[in-house]
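Have a look at this one before I ask anything.
The values are calculated or read from the model by the stated rules, or taken from the named source; none is laboratory data. What you see is a predicted model; the values in this text were computed from it and never measured. All Cβ positions, glycine included, derive from the backbone under ideal geometry; neighbour counts span all protein chains shown. To get the accessible areas, we keep the full protein, side chains included, count just its heavy atoms, and leave off ligands, DNA and RNA. Shrake-Rupley method; radii C 1.70, N 1.55, O 1.52, S 1.80 Å.
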Amino acid sequence: MRLFDPIALRGLALPNRIVVSPMCQYSAVDGCATDWHLIHWGQMLLSGAAMLTIEATAVTADGRITPSCLGLWDDATEAALGATLARARRQAPPMPVAIQLAHAGRKGSSARPWDGGMQIPIDRGGWTTHAPSALAHADGETPPAALDAAGLMRIRDAFVAAARRAERVGIDAIELHCAHGYLLHEFLSPLSNRRTDEYGGSFENRIRFPLEVFDAVRAAWPDARPLGVRLSATDWVDGGWNVDEAVEFARRLKARGGDWIDVSSGGVSPAQKIVAQPGIHVPFAREIRRATGVVTMAVGLITGARQADAIVAAGDADLIALARAFLRDPRWPWRAAAELGATVRGAPQYWRALPKEMAGIFGAARTGQR
Ligand SMILES: Cc1cc2nc3c(=O)[nH]c(=O)nc-3n(C[C@H](O)[C@H](O)[C@H](O)COP(=O)(O)O)c2cc1C
């Protein structure tokens, strides 16, 4: 298999393996998409990627990372997301759109990164966060409230309600955010989960709530539409969540109808020791794919077309997600197609853009010249 080979995720056909990784834009107002999303999604929809993944989208207002995070928890947030996405999609060639549904857990109530990213106190517009255990993420932060049984049901039902809203606005795929130290990852990791009930302690207990959320969303989401999961393969901390547990969790997800595992890492502890290097998560994706046979998505410091193609060709991952590369170069798939001799979908308004060395990437006849 190669980067530009098609792939199907359940009933969803992707023309190639390049995915726009979810990226928070911190540009929503009361959870509602704005004109920023219109131009950002518009650019990504014109990129030639196989699928756009909308940023971590909160299923409850208190599940936002920052007050400017996108949400899908009520009629107003649904209407804004639906209308904005529809406007962007009307102007671009067809592209499947996934949404990453998320709850920030104890990492909520934070300032936007460009405002410093610190926890916002309640008397300055912050809110009480919720998590498996009443343990702060970082020293000096106000600890979250530990979720009780009613709180767990409220959040599980919020994921389901958001999935139904996603269906109504024409979203093609859902990715559950179980990574980066947000709520579902906080259940998985023994560093953040110190519960003594059936949701904490053993591996079986720590995966219980994420699996309950997964099952509830799978049951509510149309059969033909795929559901994937982003997970952190390791906490990068001794005694934390590790790759063996990630492999076993992936196996359980696959058995319950999980359509892909998007392999990332870290985020649950400030003590993490990450050595950043090109293709940082590819070895984890390879291990998960080989051990379980699940479709994997590799992400993290993948920047070159040949690098991405080699990952797919080696059978290390089925899909390649890129984040920052798409921000600095929204035409990354055009260049990759030129380098690898493939084609991408392009808007006819842009067909005349191509220099000789990129000729043919929109298909032989698509020059737009007479
Ligand atoms: C601006 C920005 C926002 C991000 N927001 C999210 C997010 O909403 N959900 C998520 O899982 N990862 C998020 N990430 C992580 C990316 O999806 C990706 O995993 C990471 O940047 C590594 O890939 P890259 O080297 O291609 O950038 C974000 C990254 C950036 C740069």
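Residues of the range 300-313 being hydrophobic (A, V, I, L, M, F, W, C) and within 14 Å of the ligand (Cβ to nearest atom), which ones? So that I can check it myself, show each step before the final result.
Filtering the range 300-313 for residues hydrophobic (A, V, I, L, M, F, W, C) gives 301-302, 305, 308, 310-313.
Result: 301, 302, 305, 308, 311.
Could you check how many residues of the range 352-366 are without any contact (Cβ under 8 Å) to a residue 24 or more places away in the chain, hydrophobic (A, V, I, L, M, F, W, C) and crowded, with 16+ Cβ neighbours inside 10 Å? Walk me through it before giving the result.
Within the range 352-366, the first condition is being without any contact (Cβ under 8 Å) to a residue 24 or more places away in the chain, and the residues that meet it are 352-357, 359-360, 362-366.
Those left that are additionally hydrophobic (A, V, I, L, M, F, W, C): 353-354, 359, 362, 364-365.
Going one step further and asking which of them are crowded, with 16+ Cβ neighbours inside 10 Å, we end up with 354, 362.
Of the residues in that region, 2 qualify.
Under the condition of being touching a residue at least 12 places away in the same chain (Cβ under 8 Å), within 16 Å of the ligand (Cβ to nearest atom) and assigned to a loop (DSSP other than H, G, I, E, B), which residue from the range 314-335 is surrounded by the most Cβ atoms within 10 Å (Cβ to Cβ)?
317
Given (1) away from the ligand (no atom under 12 Å from the Cβ); (2) more than 30 Å from residue 310 (Cβ to Cβ), where does residue 27 come up short, assuming only one miss?
Result: residue 27 fails condition (1) only.
Among the listed residues 141, 167, which satisfies the condition of being farther than 23 Å from residue 66 by Cβ, at pLDDT 95 or above and open to solvent by 10 Å² or more (accessible area, probe 1.4 Å)? Let's see the steps before the verdict.
Values: 141 fails: farther than 23 Å from residue 66 by Cβ.
Residue meeting the stated conditions: 167.
Check off (1) touching a helix residue (DSSP H, G or I) at 6+ places or on another chain (Cβ under 9 Å); (2) surrounded by 18 or more Cβ atoms within 10 Å (Cβ to Cβ) for residue 87 and give me the number that stays unchecked.
Tallying (1) touching a helix residue (DSSP H, G or I) at 6+ places or on another chain (Cβ under 9 Å); (2) surrounded by 18 or more Cβ atoms within 10 Å (Cβ to Cβ), residue 87 fails exactly one: (2).
Inside the range 218-241, can you point out the residues that are within 20 Å of residue 268 (Cα to Cα), out of contact with any His (no Cβ under 9 Å at 6 or more places or on another chain) and of a type outside the set (S, T, N, Q)?
From the range 218-241, those within 20 Å of residue 268 (Cα to Cα) are 229-241; that's our starting set.
Pick out the ones that are also out of contact with any His (no Cβ under 9 Å at 6 or more places or on another chain) and you get 234, 236-240.
Residues satisfying the conditions are 236, 237, 238, 239, 240.
Turning to a different aspect of this structure: Just a yes or no: is a residue in the range 190-202 in contact (Cβ under 8 Å) with a residue 24 or more places away in the chain, within 14 Å of residue 217 (Cβ to Cβ) and either away from the ligand (no atom under 16 Å from the Cβ) or not in a helix (DSSP H, G or I) (or both)?
No: zero hits.
Moving to a separate point now. Among the candidates 218, 206, 194, single out the residue that is within 30 Å of residue 275 (Cα to Cα) and open to solvent by less than 30 Å² (accessible area, probe 1.4 Å). Steps first, answer last, please.
Details: 218 fails: within 30 Å of residue 275 (Cα to Cα); 194 fails: open to solvent by less than 30 Å² (accessible area, probe 1.4 Å).
Result of the check over 218, 206, 194: 206.
If you check residue 338 against the conditions, is it in a helix (DSSP H, G or I), within 11 Å of the ligand (Cβ to nearest atom), crowded, with 18+ Cβ neighbours inside 10 Å and at pLDDT 95 or above?
Answer is no for this residue.
A further question follows. Across the range 209-258, what is the number of residues that are charged (D, E, K, R), touching a helix residue (DSSP H, G or I) at 6+ places or on another chain (Cβ under 8 Å) and more than 26 Å from residue 280 (Cα to Cα)?
Applying the first criterion (charged (D, E, K, R)) to the range 209-258 yields 212, 215, 218, 223, 225, 230, 235, 238, 244-245, 248, 251-252, 254, 256.
Subset that is touching a helix residue (DSSP H, G or I) at 6+ places or on another chain (Cβ under 8 Å): 212, 225, 245, 248, 251-252, 254, 256.
Subsequent filtering for residues that are more than 26 Å from residue 280 (Cα to Cα) retains 212, 225, 256.
Final tally of qualifying residues: 3.
Another question about this same structure. Which pairs do you get when a residue that is closer than 23 Å to residue 180 by Cα, found in the range 293-308, comes within reach of a residue that is near the ligand (Cβ under 10 Å from one of its atoms) and among the polar types (S, T, N, Q), reach meaning Cβ atoms under 7 angstrom, with the pair 6+ apart or on two chains?
Every condition considered, the pairs that remain are 299/21; 299/264; 300/264.
Take residue 58 and tell me if it is farther than 20 Å from residue 263 by Cβ, touching a helix residue (DSSP H, G or I) at 6+ places or on another chain (Cβ under 9 Å), in contact (Cβ under 8 Å) with a residue 24 or more places away in the chain and within 16 Å of the ligand (Cβ to nearest atom).
On the way: farther than 20 Å from residue 263 by Cβ: yes; touching a helix residue (DSSP H, G or I) at 6+ places or on another chain (Cβ under 9 Å): yes; in contact (Cβ under 8 Å) with a residue 24 or more places away in the chain: yes; within 16 Å of the ligand (Cβ to nearest atom): yes.
Considered against the rule, which asks whether it is farther than 20 Å from residue 263 by Cβ, touching a helix residue (DSSP H, G or I) at 6+ places or on another chain (Cβ under 9 Å), in contact (Cβ under 8 Å) with a residue 24 or more places away in the chain and within 16 Å of the ligand (Cβ to nearest atom), residue 58 comes out as yes.
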